[in-house]
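The structure appears right after this line, and notes come after that.
Read-outs: derived from the displayed coordinates by stated rules, not from any lab. Just so it is clear, the model here is predicted, and its values are computed rather than measured. Here Cβ is always computed from backbone atoms with ideal geometry, including for glycine, and neighbour counts include all displayed protein chains.
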Amino acid sequence: MTNSLTYLYNVYRQQLDFFNSGATKGYEFRRAQLQQLKSCIKKNEAAILEALQKDLNKSAFEGYVTEIGTVYEEINFALKNLRKWMKPKRVNTPLPLMPSSSRIYSEPLGVVLIIAPWNYPLQLNLSPLVAAIAAGNTVILKPSELAVNTEALLIRLIAENFDPAYISVTTIDGPTMSNSFIKTNTLGHIVYTGGEAVGKIIMAAAAEQLTPVTLELGGKSPCIITKSAKLDNAANKVAWSKFTNAGQTCVAPDYLLVHSLVYDRFIGKLKDAIVKMYGNDAEENPEYPRIINTTHTERIIALIEKEKLLYGGNYNVASRYIEPTVLSENETGSAIMRAEIFGPLLPVFKYESEQDIVNIVSENKNPLALYIYGEDQKEIDFVIEKIPFGGGCINNGLIHVGNVHLPFGGIGSSGIGAYHGQYGFERLSHKKAVMRTATWFDIPVLYPPFKNKLKWVKKLIK
Ligand code: NAD
């Protein structure tokens, strides 16, 4: 039933009524819903971890840290700060506009549609949901059909814990969603996480109703190992950040740029780190994730050029297994460098100069993430100043996404808008700007006739 258009329209109409009743606006209501969401996850941790294991062979550790734990962090932070975020903010009023005071009210937007991908199928539904609840909206969630077990679990958990007139799940297919629903209905906002091609379809459909969108996309995120990098440390961090979720992470290092002076030593240490973490045969390691489906497995395997192998390269299509794989690379135009890999293959370029970094990275502009390893502040500053990217880390990978104090989002082709923590609350609120003027004093300077008044205005505004 969640896959029917009738169901979606009914839910939408009920949510619009519920939203217009004002029921979602109060502090106590929002707080209670956040607590309800947290207790629902707490009670169902085992079922969530099982669904993630079935969909992607995520270990309980990875599932807890990267999915459940991340959502807890978002909920806890929102619960702690919600009253402060909701409070109207007083701002200054310029002298020529006196006697007045100015306030910004954070107002909810309406029915928010959240469309999520399959790679972090719990977190990428529920983190935007936390922001939408905190901001006082109602929500329609559309999980990815590829993470079947998590999708089924989300349908059940949301139905058991929330009134569909407030939060509901739809499993309508993508084209119907954009062509029949988004184009014809007034939504408060759409938060879409996924690939660029579908992002464009959603943005075009949303334009029909001028619905605002947040697009959380992907791209080719570079990872730079400078000559001043602490190589053991960098090798561990790169192996972990690349092969977590078998590389199916939007902010995973997509490819490496390693300075020629440290290249051989670094590659040796990277191989050791992979073996230490996943064993000599990762297929036998019960904690190593699988690719989401056969189509993606075959897509990734087709990118392996045997003559470029530095490590790995084994796979098993039937079990959707691809070994952590490192490849040497020197062409920016090769197949593996033309699109985001989104799997456990890591091409490595050798570079000589800072200009090489700029040249290689600018072939795939505006990455979602960038990582740089090194101790030389000048090199780090050069990269941060020269290259536009969504967010990233110095001497680490992925972890900026887990910091609720930081905005998370892309730039250009890697996304529009950012969320997490207060940024999510702001993104899903309208800033209603209101000035209040005192009535005890009415300065007639703005009123006609204007004779002799311009010289006074010019003294005030110049
Ligand atoms: P996708 O674009 O195929 O699908 C994402 C969601 O969109 C799914 O729920 C799907 O059912 C839905 N969808 C598909 N067609 C649609 C349409 N026409 N109208 C409306 N909805 C439609 O993406 P994917 O393959 O699931 O995800 C992979 C991409 O997502 C990668 O590029 C990755 O980098 C990116 N990603 C980004 C982030 C981030 O936070 N920035 C996080 C995870 C993944």
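Restricting attention to region 115-170, the residues that are within 21 Å of residue 248 (Cα to Cα), of a type in the set (A, V, I, L, M) and not in a helix (DSSP H, G or I) add up to 5.
Selection of first residues in region 384-401 that are more than 16 Å from the ligand (Cβ to nearest atom) and of second residues that are outside any loop (DSSP other than H, G, I, E, B) and small (Gly, Ala, Ser), restricted to Cβ pairs under 9 Å at least 6 apart or on distinct chains, gives the following pairs, ordered by first then second residue: 384/392; 395/234; 396/241.
Filtered by the rule that a residue be near the ligand (Cβ under 10 Å from one of its atoms), surrounded by fewer than 20 Cβ atoms within 10 Å (Cβ to Cβ) and not acidic (Asp, Glu), region 184-203 gives 195, 197, 198, 200, 201. Among the numbered conditions (1) surrounded by 17 or more Cβ atoms within 10 Å (Cβ to Cβ); (2) more than 13 Å from the chain's Cα centre (by Cα); (3) free of Cβ contacts under 8 Å to residues at least 40 places away in the same chain, the only one that residue 82 does not meet is (3).
Across region 203-259, the number of residues qualifying as closer than 21 Å to residue 365 by Cβ and assigned to a strand (DSSP E or B) comes to 10. Of the listed requirements (1) farther than 23 Å from residue 277 by Cα; (2) surrounded by fewer than 20 Cβ atoms within 10 Å (Cβ to Cβ), residue 357 misses just one: (2).
Go through the residues of region 432-446 one by one and say whether even a single one is closer than 30 Å to residue 124 by Cβ and not aliphatic (A, V, I, L, M). Before the answer, list the steps.
Here is the first cut: in region 432-446, the ones closer than 30 Å to residue 124 by Cβ are 432.
Within this subset, residues satisfying the condition of being not aliphatic (A, V, I, L, M) are 432.
Scanning region 432-446 turns up at least one residue that is closer than 30 Å to residue 124 by Cβ and not aliphatic (A, V, I, L, M).
Looking only at residues in region 19-60 that are among the aromatic types (Phe, Trp, Tyr) and out of contact with any strand residue (DSSP E or B) (no Cβ under 8 Å at 6 or more places or on another chain), the one that is surrounded by the fewest Cβ atoms within 10 Å (Cβ to Cβ) is 27.
Please find, among 346, 370, the residue that is assigned to a strand (DSSP E or B) and over 20 Å from the mean Cα position of the chain (by Cα). Exactly one residue qualifies, and that residue is 346.
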